[in-house]
Amino acid sequence: MKYKIPKTAQERQNEIEKLSNLERFCLDAYIVSKFPASQKVVIAYEQSRPREAQANRQSVYTQARNWINTDKCKYYIEDRKKELFATDQHRYSTTQNEGNETEADTENNPTESNRTKGETISELNKLADNTNDVKLKAEILLKISDLEGWKKEKEQTDDNTIRYYLPLRCNVCSLYKAAKEQKAKQQT
């Protein structure tokens, strides 16, 4: 197994400098695109090349995945995401499994534990808007509803409901009917 030693900031910048302006533009489009990951990587790869690929679709996809996983592309994507999606207290981090971040990844970072409830909700809203994964989006929206207390509000509205009980007429009451039947049996 091959382990990579993290590069210094200067080495990262040197790798990024190897990208052409066209490649940078295509990687920016890759970052903000809402297409599925497999589709947007192929589009970014094809558009970053001066000539149209002559290979079959599977080969182009393999070439695109190899290109997007090069150090220069990874470093550029990481730095660009920090620039594009930065907020005051929170910076998005990318992992090697790009696009598979969960809210657990953002909640378990000890340096970012001083958020207010409102900031957390707004960051979760941004994550929900930026994700294409349906399951992840549902989980994020459930977290938002928990934080905003929507469940508690529904329970409180049930508790505040005033219930009026109307009196029964005697001929409808089961107790009255049972007593009347017993009385009828005793008389006969």
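The values are calculated or read from the model by the stated rules, or taken from the named source; none is laboratory data. Only a predicted model underlies this, so the values are computations on that prediction, with no experimental measurement involved. Quick reminder, even Gly has a Cβ in these numbers, built from the backbone with ideal geometry, and neighbours come from all protein chains shown.
Values computed for the structure shown
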| item | result |
| --- | --- |
| When residues of region 139-162 are limited to those that are out of contact with any helix residue (DSSP H, G or I) (no Cβ under 9 Å at 6 or more places or on another chain) and modelled with pLDDT of 80 or more, the one nearest to LEU127 (Cα to Cα) | LEU142 |
| Residue, modelled with the lowest pLDDT, within region 99-132, restricted to residues that are among the β-branched types (Val, Ile, Thr) and assigned to a loop (DSSP other than H, G, I, E, B) | THR102 |
| Output for region 42-72, where each listed residue is of a type outside the set (A, V, I, L, M) and modelled with pLDDT under 85 | PRO50, ARG51, GLU52, GLN54, ASN56, ARG57 |
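Let's see how each residue does on (1) of a type in the set (A, V, I, L, M, F, W, C); (2) more than 30 Å from VAL134 (Cβ to Cβ):
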{"residue": "GLU11", "(1), (2)": "no, yes"}
{"residue": "ASN21", "(1), (2)": "no, yes"}
{"residue": "ILE31", "(1), (2)": "yes, no"}
{"residue": "PHE35", "(1), (2)": "yes, no"}
{"residue": "ALA44", "(1), (2)": "yes, no"}
{"residue": "ALA53", "(1), (2)": "yes, yes"}
{"residue": "THR62", "(1), (2)": "no, no"}
{"residue": "CYS73", "(1), (2)": "yes, no"}
{"residue": "PHE85", "(1), (2)": "yes, no"}
